[in-house]
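These notes concern the structure reproduced below.
The values are calculated or read from the model by the stated rules, or taken from the named source; none is laboratory data. Remember, it's a predicted structure, so these values are computed and weren't measured experimentally. So basically every Cβ, Gly included, is an ideal-geometry build from the backbone, and we count neighbours across all protein chains shown.
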Amino acid sequence: MGWLAARLGEFDTARDHCHTALTLHRQHHHPTGEANTLDSLGYIAHRTGDHHQALDHYHHALTLFRALGNTYLVADTLDRVGHPHVALGEHERARAVWREAVQLYRDQGRDTDAARVQQQLDDLDTHKGPQPPHGTETAM
C-alpha cells in the first residue's frame, strides 16, 4: 500500500502505511519485507526533498537485500539511490552506485533497465543531470 500510494504522489499516506508495515515486518522477523519497506521510505523521502533521510533508508535496505543475497532488488535500490546523491551534488557517489546497478542489470539480463541507468550515467557525465526514472512524475 505504501509503495503504491507513493507512486501516486500521496506521500503522507504512503509514509504512514510504510511505517506501520516496517513495524510489522520487524516484529515478525521478515527481512525481505523490511528491506522493501525501507526502499519505499527512501523513495518517499527523496520525492519529498529529504535526500539525507532517503539515503539512510536506501542504505539500510541495501544492507538487508545484500545479506539476503537478493541481487535483483539490490540492483533496483542502487538505481534509486543515485537520485538523492545527484540532488545533493554527490555526483561521484551517484556514478558509483549507478555503475554497480548497470552491471547487475546486465548480469541479470535486464537490458532495458541497464540501458536506462546507463543513460542516467551518460546524462550525468554531460552535466545535463539524470532524467526522472521512467514512470515517475517529473517533479523529482
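Residues in segment 71-115 that are under 20 Å from Asp50 (Cβ atoms) and either of a type in the set (A, V, I, L, M) or touching an Asp or Glu at 6+ places or on another chain (Cβ under 6 Å) (or both): 8 in all. Within segment 25-49, the set of residues being surrounded by fewer than 13 Cβ atoms within 10 Å (Cβ to Cβ) and farther than 17 Å from Pro84 by Cβ comprises Gln27, His28, His29. Asp39 - would you say it is in contact with a Lys or Arg (Cβ under 8 Å, 6 or more places away or on another chain), assigned to a helix (DSSP H, G or I) and at pLDDT 95 or above? Against the criterion (in contact with a Lys or Arg (Cβ under 8 Å, 6 or more places away or on another chain), assigned to a helix (DSSP H, G or I) and at pLDDT 95 or above), Asp39 qualifies.
With respect to Gly33, is the statement that it is more than 11 Å from the chain's Cα centre (by Cα), modelled with pLDDT of 95 or more and part of a loop (DSSP other than H, G, I, E, B) true? When the stated conditions are applied, Gly33 does not pass them. Considering Leu64, Leu4, the condition of being assigned to a helix (DSSP H, G or I) and surrounded by fewer than 15 Cβ atoms within 10 Å (Cβ to Cβ) is satisfied by Leu4 alone.
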